[in-house]
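Everything on this sheet refers to the single structure shown next.
The values are calculated or read from the model by the stated rules, or taken from the named source; none is laboratory data. Just so you know, these numbers come straight off a predicted model, no measurement behind them. Here the Cβ positions follow ideal geometry from the backbone for every residue, glycine too, while neighbour counts run over all protein chains shown. We work out accessible area using only protein heavy atoms, side chains counted, and drop any ligands, DNA or RNA first. Shrake-Rupley method; radii C 1.70, N 1.55, O 1.52, S 1.80 Å.
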Amino acid sequence: MYKYKITKMEKFTKLLFALLAAFSCTLNAVAAYDGTPVMPTKINGNYADYGLSADYDGYYVISTAEELYGFADWVNKGTTAARSAKSVLTADIVVNENVLTSEGELNGDGSDFVAWTPIGTSSYSYYGIFDGNGHTVSGLYFNNSSTDNVGLFGYFSSQSAVIKNVGVLYSYFNGRNYVGGICGYIGFASIIN
């Protein structure tokens with residue numbers, strides 16, 4: 001009978017794969033939002049640090065769920081600077097994982113998900129520029145059938161206001177009136193791509 005002897009290199013390779021698998025699971029576990037909003041950073045001449053062109057100078061960079069929630073919170077407090085702010089996504093953002101089943105239904109009763117607060121309200125509409133830069137936001141969860149103006153954006157209004165180049169995936173929105181994926185209520189504004 002032939003006996004196979006495991007070499008040091010094979011032991012190292014197995015250990016390396018085990019560590020990579022554990023690290024991958026850790027990354028997936030922290031990809032979802034932890035519930036703490038963070039104010040996004042404003043680009044002040046350092047646009048290249050984010051892989052962006054000079055066209056984005058003065059924009060707020062949103063690359064995490066924490067920053068997305070921080071931006072929503074800032075806009076919804078109603079300051080003019082926030083409501084007219086220009087922002088850009090620099091990554092795909094996952095807020096909650098597995099919000100929908102494979103049939104597109106809500107996965108469970110929603111109690112395990114961090115609730116979303118749409119950007120802009122009827123009292124404090126958002127009227128800036130939001131450039132998704134080709135990125136997506138997924139795992140948004142909103143479930144209140146007595147609330148109007150529900151989506152990634154709740155209330156978006158102004159002739160110079162633009163939401164562009166963004167997708168909303170695997171999200172659940174339940175509201176009363178003006179419910180949409182990208183935006184609930186839009187007045188005199190543009191949604192592009």
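Quick look at the numbers
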| item | result |
| --- | --- |
| Accessible-area value, Asp49, 1.4 Å probe, nucleic acids and ligands omitted, Å² | 120 |
| Computed over region 120-193, Kirkwood Rh from alpha-carbon pairs, angstrom | 12.2 |
| Estimated FRET transfer efficiency when R0 is 30 angstrom, pair Asn174-Ser84 (beta carbons, to 0.05) | 0.55 |
| Whole-angstrom Cα spans of region 40-193 along principal axes, big to small | 45, 30, 26 |
| Protein-only accessible surface order, largest first, of Glu66, Glu103, Glu97 at 1.4 Å | Glu103, Glu97, Glu66 |
